[in-house]
Structure formats: C-alpha cells, structure tokens
There are 2 protein chains.
Amino acid sequence: MITALGFGIMSGDVLVERLQKIVGASGVLTDPALTASYTTDFTGGFGGPVRLVVRPGDTAEVAEVVRACAADGVPIIPQGGNTGLVGGGVPAPAGPAPVVLSLTRLTEIGPVDPIARQITVGAGVPLATLRAAIRDQGLDFGVDLAARDSATIGGMIATNAGGERVLRHGTTRACVAGIEAVLPDGQIIDRLAGLPKDNTGFDLTGLLAGSEGTLAVITRARLKLTPQLDHHVAALLALDSIGDALTALVRLRELPSLELAEFFFADGLDLVRAHASLPAPFRETYATYLLVECAGRTDPSDELMAVLEELDTVRDAAVAMTGPDRRRLAAYRELHTESINAQGVPLKLDVTVPMHELERFLADVRALVEGRATPYLFGHLAEGNIHVNLIGAADPEALADEVLHRVAAVGGSISAEHGVGRAKTRWLGLSRSAAEISAMRAVKSALDPQGILNPGVIFSD
Amino acid sequence: MITALGFGIMSGDVLVERLQKIVGASGVLTDPALTASYTTDFTGGFGGPVRLVVRPGDTAEVAEVVRACAADGVPIIPQGGNTGLVGGGVPAPAGPAPVVLSLTRLTEIGPVDPIARQITVGAGVPLATLRAAIRDQGLDFGVDLAARDSATIGGMIATNAGGERVLRHGTTRACVAGIEAVLPDGQIIDRLAGLPKDNTGFDLTGLLAGSEGTLAVITRARLKLTPQLDHHVAALLALDSIGDALTALVRLRELPSLELAEFFFADGLDLVRAHASLPAPFRETYATYLLVECAGRTDPSDELMAVLEELDTVRDAAVAMTGPDRRRLAAYRELHTESINAQGVPLKLDVTVPMHELERFLADVRALVEGRATPYLFGHLAEGNIHVNLIGAADPEALADEVLHRVAAVGGSISAEHGVGRAKTRWLGLSRSAAEISAMRAVKSALDPQGILNPGVIFSD
C-alpha cells in the first residue's frame, strides 16, 4: 500500500512543453496537488510516481500525445474514470515515471442512430451520463455497474467490464459495435461504422476490448443500445443449497425477461441485517438465497410468478412488485460489500468457476479458510462468478494464492470481472497456459514493439 | 476459373511418410482422384495444386501435422466442409503446393452441459449434425445457414459465418464460448472452459473467429446453446420503399421473438414467380417486400399481428401460421438465388452498408449498372446486408470494382458474411484502413512468423 501524493516532476521537462503545444497549457498537469488523483487509485492500494498527466481534448490530440511520448520512449498509462480495482490505470510504484494519459475530456455524445440502434460516444463519457442522455429516447446500454457515475465507456471497454446484467446482455465487449483507437505508433484505427456483419479480417474491436490499455488507447466507441425496460419485478428465493439455486436458474433462464440472478448465504445475510438493522426477509432461516429480477416492456410479474410456482426446490419466496419493495429486497445483496468492509479490510478475490463446479468449489473454499479467516461468499450465479471476501486473514497473500490455485484446478478464471492489471500478474499463469501467454505476448509485441503502453499490466515485466 | 483435377504429387515425398506415421496411412491422400474434392471449391471457381491432403483424427494429431509441415516450411490450408465462397479453404492456383489439412474427422460431440447451456464439439461436426444431436434436449444453436449439411462448426467459426438469424443471435463469433486451436508452431491453446466472465488477457477466441485459418487451426469449440423454439409465425409485408421497410423494422425489432427480416423487390419477385410458377402473394404489385419471421416458446402470432396493425407504412400483409404456409411465403425469398442462377452466371457481391445509407445505396447501384447488367438485389435488412447479383455484365470485374468503391464510400463492408479469402484481397483496403491492415499483418506475423498458415488468404502476398 503506497501513497502517490508528493511525487514531483523533473524541472525543465521538454516533454511538458511539447505536450503543452499539443493539448494547451491547461491540459498538462505537473503539480503534485493536481496529479495526485490520477496517480493513485480510489482504494489507495495502487499508484506511483508520474512524469506528468496529459488531458487531450480529441482523438487527433491523443494521437499526437502518443507519438510524442513514443518518440521519447516514455511509458504511457491510459486512464478513464480511475475506478479500476487491479491497478491497471495508475503508475507502478517503481520504474521509469510514466505519463498518465487521461481520456476524461473526450466527452462527445453523438446523436442516437435509431435505425441501427447505436450511438457514438467519446471514451471519457461516464456510464451514468450516457444512460441519462438516451433514456428519453426509450433506450438503455446493456452494461450497468456500481461505479456508473465515474466509470467511463473507454475504461469499461478496455477492461471488458461486467456487472449484474451480463446474464442478459453479456459483458461490455458484447455491447460494443466498434471503436476508434490510437495505436502505440500514433496511427488511428476507426471501426466506428459499427456494421453488424463485416468479415474483412481480424476483429480488432474485440481484441482491444479487455486488453487493459496494453495494445491501444481507445478514443471513441460505437455502442449497441437496447430498449429501456420500464416494468420490473424482483424476488428473493430461499433455498437449501447452491445446487438447488442452479436448478432454479436453469428454469428461470428460460424467461427472456430475466436480467439478474445473485446468490448469497445465511452468514452474509446475518451480517447485512446486523450492519444495517434490517428485518429478516423470511420467518425461517435458510442456507442459500437467490435474488432475481426480471424487466420487460410489459409487466413480467405473471411469468415470473408462474415459474416460481413450478420450482419445488424454492422453500420460500418474497416477491417485490413496487420500486421501494424491490430496493428493500435488493439491499440484502447490495449491502454485502459495505457490511463486510465494516468488519475490517477484507481480502477480495473475484473469480469464475465452471457452473457444474460451483457448489463443490464454494465448500472447498470454506474448508480451506476454516480457522484462518471468516469467509463471505456471494456473486453472480448465471456466470459462476464468486466474489470471495475473507476477513481477518493473518496471511492474505498466501490465502489468496491457495484459493486461486483451487480456482485453476477446476478450470476457472482468477479474474472474472476486474482484469489482471498489476495486482494479478503473478497469477495469470493459473488461468492462461504458457502457449496462450506466449501468443498474447507476441500480439502485444507486434502492436507495441517499444512496450510503451501500460508496461507491467497483464504481463509482469 | 481453373479446375484442380489432375494435379499430381511428388513421388517419394518424405512428408507423406512422416504424416502417415502421425495419422495412419489412410489419413494421407495423394491420389488426385481422392484429393480432387479437397483442392477445388464446390463452385469450381477456386482451387489449385496440392502436395497432399491430410486428415488427422484428433487434436494431438493436428498439432503433430502442423509441426511436421512447419519444420519443412510447407504451407498449410485448413479446411472444414469446403463450403466457402471466397476460396479461403482451397489451394491457390499457383505457388508452392500446400498441404490441405482437413478437419472433417474431428466429429466428437460432447454431452450438453445443461447448467451452462453449452456443448463441446469437434471442429469437423457439420452444423446440421450438431442441431440434430441437441434437438431432443430442447436446444438449438443460434446460427443457421443454407450450407448446414456440409458446413462444419470449425469452418463456421474460422469464417465467422452469418446467416439469417444474425438479427437475433449475432454471427458465429457471438455464439461461441471458447475454442481449442493449434498455433502455427504446433502449440495447443485451450479455451474450452467457456467461462462467461474471464478477464485474464486478450480474447484469443474472438480473435481467431473470422481469421479465416490464417492464425491457427481450430480443432474444438465450446458452443453457447439456445432454447429450441417450437412456435413460429411468418409474414410477408408489401411496402412502397426500403425506407418504409426500415421504419417497420424499427418497430418489429422491439419483439423479442423476431428472428428474420429479409428484403427483396418487385423485379426479384417477378423472376422467382416466373422461374417457379408461383402465384402472386398479393392482388397488387408493390415496390418492396419484407419477409419477417418470429419464433418463441409460446405462439408469437398475436404479438406480431398487433405490431402489423400499428404499422401504417405496410400496404398489405400475408401472415402464415402453419408450416406449409410459412414455407410458401419463404419461397419468394429463398428461390431468389436459384432463379437468378437460371438466368446465367451472375456477378455476386455480399456487402453491408450502414442502415441509414441503405436506401440511397440501393438506388446508386441500380443507376450504376443501368444498361450494363440486370441487377437483382435482396438481403438481410436488420444488418444492412445486401446480396448484389448482376446478370449479363460484359465487364464483371470492373463492375464489381465500381460497386465495391460505392460500398467503401458510404463506410460499408466489402464482405459482410463470406470473408475475404483469396477472392477479395484486392479490395480489402476499401473496408480496412492502411493502419488497420498494418496492425492485422503485425498480428499475423506475430502468431505465424513463418507465414505457413493459409498464405494469400485475407492479405495478398
């Protein structure tokens, strides 16, 4: 844990002058008081010294900035809303001081193309701003996540952000029709036509999505939009086991309106209730809970109720038709993070396991940490995505290593949503084979032979 | 146009012996009578001399074959069902005789994973075989196309095949959860876990999808399955213009059950009716026709009828509730290809334009070819995908070049579904910029430094 405040810059830096000519004096930040919020992530867990922060105002300026840095061999760290959780968007604590290239001034929001149902936006547009801008046209963007007010579209694409609605809309990669990006040599690639069928070579848009700023700087995006759904219904299901929850999911997933299926357990519910003084959702206590939500252009309550009546593994269910009632049910799941953090700094892991391994894996993790930490496990059922939170671990790194080895043993992913960044490079080999890593490194070297874009991210140096 | 029959092989070829040791004597074909069906495509328009055809029986054999060929620097042409339309799966007419690596023996069909709703299959499984194998479990695969009996899953992924249901399910890339593939150095990458959330580096599955066999040989795939839908309704809509059809589409697309929206024109309908002696679908003649189909777990007729009643741009509509009636309506669209071919060998182009450019582009093409060829235009409305068929052109290459320049001028794709292969390399630069082509070439060189995998495909040598 380091604090990046107070790192200075070299005086008389010619790069500063060169970049000022490109973006204007106000677009280059060198004062540590001004750069601090760009050099450290919001958790305070990652960060390091910076040479300067540059804030270009359009794609052409981004390209010129990249060329200027490349000419000097200065590493570049592209940054969106700086809401990442793995240190991929801030400087490393050591090594040559990089330039942080902030994209937050790229805030253009183009008109909606109603026929293609697409929109072109700047990389720096925050998710919440995008959604607000298209709501009155009856449209929405498929991805939603807690950091919506700060997380930018460019950063979400670069990290292939997930969230709660992946079940319905896929991850960010699936919601993007095309991008514009600046390559490490300063060339601009433009895939903004957003054609749904275009078999003319490799899918560069998909390749850059999830590449965590290591291959190119995303400057604009063409987004697929989805109808705004005004009718919602939520239900909290009480079950005896995660196996029963999976059986329920298989049937619930047949509802086209299903967009959320979140699981948690009795211990998590107890913690949340104690922390927030909430009443019990049911008269009795159950081992496993599943929060589901359906959304549609028409009221999906009847179809959800019909399925719930069929499901004989559901021991009890609370259904919420109104907004306030839905928020009351959702709080049992949403307050997990806050309630856990109130217990101390947790060791947090974000993993996916194949769904047929989920029940056994959860039991294995509980057995593994028994007596060494208090586990709180919850997550997104339809993707086998578990947020592992361990409180009070004396040896967090060793425990993380052991849990991630279990993930690898069942063919899971050591980073479901958060990416690799700097935090997880040491475990990359658990989820990707040597052949894959060597193929990925070859692609990285091909597009960024100088290695100036986000060095140390995804791949350890 | 060349015929590949009769190309011999070198006698005493040591590569033959080496490959026979890997795949068995029956897995190496050298007799021109046996290799002919692998060396020429089904149209007879593409093909060339082959050194031998090798048919490995599993992934390990594929890897050994690739290593053996790489060691000798012998080019490899991966081939699935050999149903491609751009010559990407057969030898070039000139140059060093390559090995055709046929994947059709990789026919394993794994069990359905009902919780993940996925299946793992060999690259050589034909699409129709896959669909038949999962039908009794109430499941389907999202992509469907006319070559379903021969086209293999591996080939469909390699070419990112489209078809009629892209509107609902996306292209093949969107329907694949992961792949196994052999890299040009013989290393195997295994992305078969099919995890819906896995942010651990670059999306190699997505990169290989649509790479037309130039980056790796796909050996197995993990496919996303979709519920088998048993209730269908179709409607043929009569409209005054493609603009009115787009207006109708915007409303129709709000139906989650919509899975097909195909357009054609009065001249095409006349040709089909004359060729197949079909009655007129309507009492009057209209300029533009739109064939739509909805499918659901329950009967979608009512919701389709409700939308049709709202649409005041629809001049007339024929709705088909039964299978025979649906086939009668579908024939007006499906018989276009056969009816056009009966007029002579057409110049065929498969292009996408941005949907707001569609109406003007269609008019431009008609004006461009006026007096030089008879145009028949039809296609997939929701993707702006037009099958341009020109009959009687005296200068087909020049005409193709002019039409594709128009496509480029409006930001379209010169190959929507068919890929680049060998047929369209000269026009790649119309849809992809110099920066993109150089980035794609860099990726190709990174993964295949020897250039042994499908040389001359996508990129002209």
### Message
Within the range B:211-223, does at least one residue satisfy the condition of being touching a residue at least 60 places away in the same chain (Cβ under 8 Å), of a type in the set (Val, Ile, Thr) and outside any strand (DSSP E or B)?
### Response
yes
### Task
Considering every residue within the range B:436-453, establish whether at least one is of a type in the set (Gly, Ala, Ser) and in contact with a strand residue (DSSP E or B) (Cβ under 9 Å, 6 or more places away or on another chain).
yes
### Query
Pick from the range A:100-159 the residues that are out of contact with any helix residue (DSSP H, G or I) (no Cβ under 7 Å at 6 or more places or on another chain) and of a type in the set (Val, Ile, Thr): which of them is nearest to the other protein chains (Cβ to nearest Cβ)?
A:Thr159
### Task
Answer yes or no: is there a residue in the range A:349-357 that is touching a strand residue (DSSP E or B) at 6+ places or on another chain (Cβ under 9 Å), modelled with pLDDT of 95 or more and part of a loop (DSSP other than H, G, I, E, B).
yes
### Query
Of the residues B:Arg422, B:Arg432, which single one is closer than 22 Å to B:Ala147 by Cβ, among the charged types (D, E, K, R) and either surrounded by fewer than 21 Cβ atoms within 10 Å (Cβ to Cβ) or within 14 Å of chain A (Cβ to nearest Cβ) (or both)?
B:Arg422
### Message
Take the conditions touching a residue at least 60 places away in the same chain (Cβ under 8 Å), buried (at least 24 other Cβ atoms within 10 Å of the Cβ) and within 19 Å of A:Leu167 (Cα to Cα) and apply them to B:Ile119. Does it pass?
### Response
yes
### Query
Can you tell me which residues in the range A:294-318 are out of contact with any helix residue (DSSP H, G or I) (no Cβ under 7 Å at 6 or more places or on another chain), surrounded by 15 or more Cβ atoms within 10 Å (Cβ to Cβ) and in a strand (DSSP E or B)?
A:Ala295, A:Gly296
### Query
Do the conditions hold for B:Val100, that is, is it modelled with pLDDT of 95 or more and crowded, with 20+ Cβ neighbours inside 10 Å?
yes
### Task
Consider A:Ala446 carefully, then state whether it is facing chain B (nearest Cβ under 9 Å) and outside any helix (DSSP H, G or I).
no
### Message
Being modelled with pLDDT under 90 and among the aromatic types (Phe, Trp, Tyr) is the filter here; which residues of the range B:1-59 pass it?
### Response
B:Phe7, B:Phe42
### Query
Of all residues in the range B:380-396, which are at the interface with chain A (Cβ under 10 Å from one of its Cβ atoms) and part of a strand (DSSP E or B)?
B:His380, B:Asn385
### Query
Hey, does the range B:397-413 have a residue that's part of a loop (DSSP other than H, G, I, E, B), away from chain A (no Cβ under 11 Å), within 24 Å of B:Ser339 (Cα to Cα) and modelled with pLDDT under 95?
no
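Each row is one residue, and each column tells you yes or no for (1) within 12 Å of chain A (Cβ to nearest Cβ); (2) crowded, with 24+ Cβ neighbours inside 10 Å.
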position: B:Leu208; (1), (2): yes, yes
position: B:Leu215; (1), (2): yes, yes
position: B:Ala221; (1), (2): no, yes
position: B:His232; (1), (2): no, no
position: B:Leu249; (1), (2): yes, no
position: B:Pro256; (1), (2): yes, no
position: B:Phe265; (1), (2): no, no
#### Entry: Total residues in the range B:178-203, condition assigned to a strand (DSSP E or B) and either more than 25 Å from the chain's Cα centre (by Cα) or at the interface with another protein chain (Cβ under 9 Å from one of its Cβ atoms) (or both)
3
### Task
Give me a count of the residues in the range A:342-370 that are touching a Lys or Arg at 6+ places or on another chain (Cβ under 6 Å) and either crowded, with 18+ Cβ neighbours inside 10 Å or of a type in the set (S, T, N, Q) (or both).
1
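The values are calculated or read from the model by the stated rules, or taken from the named source; none is laboratory data. Please read all numbers here as calculations on a predicted model, not as lab measurements. Quick reminder, even Gly has a Cβ in these numbers, built from the backbone with ideal geometry, and neighbours come from all protein chains shown.
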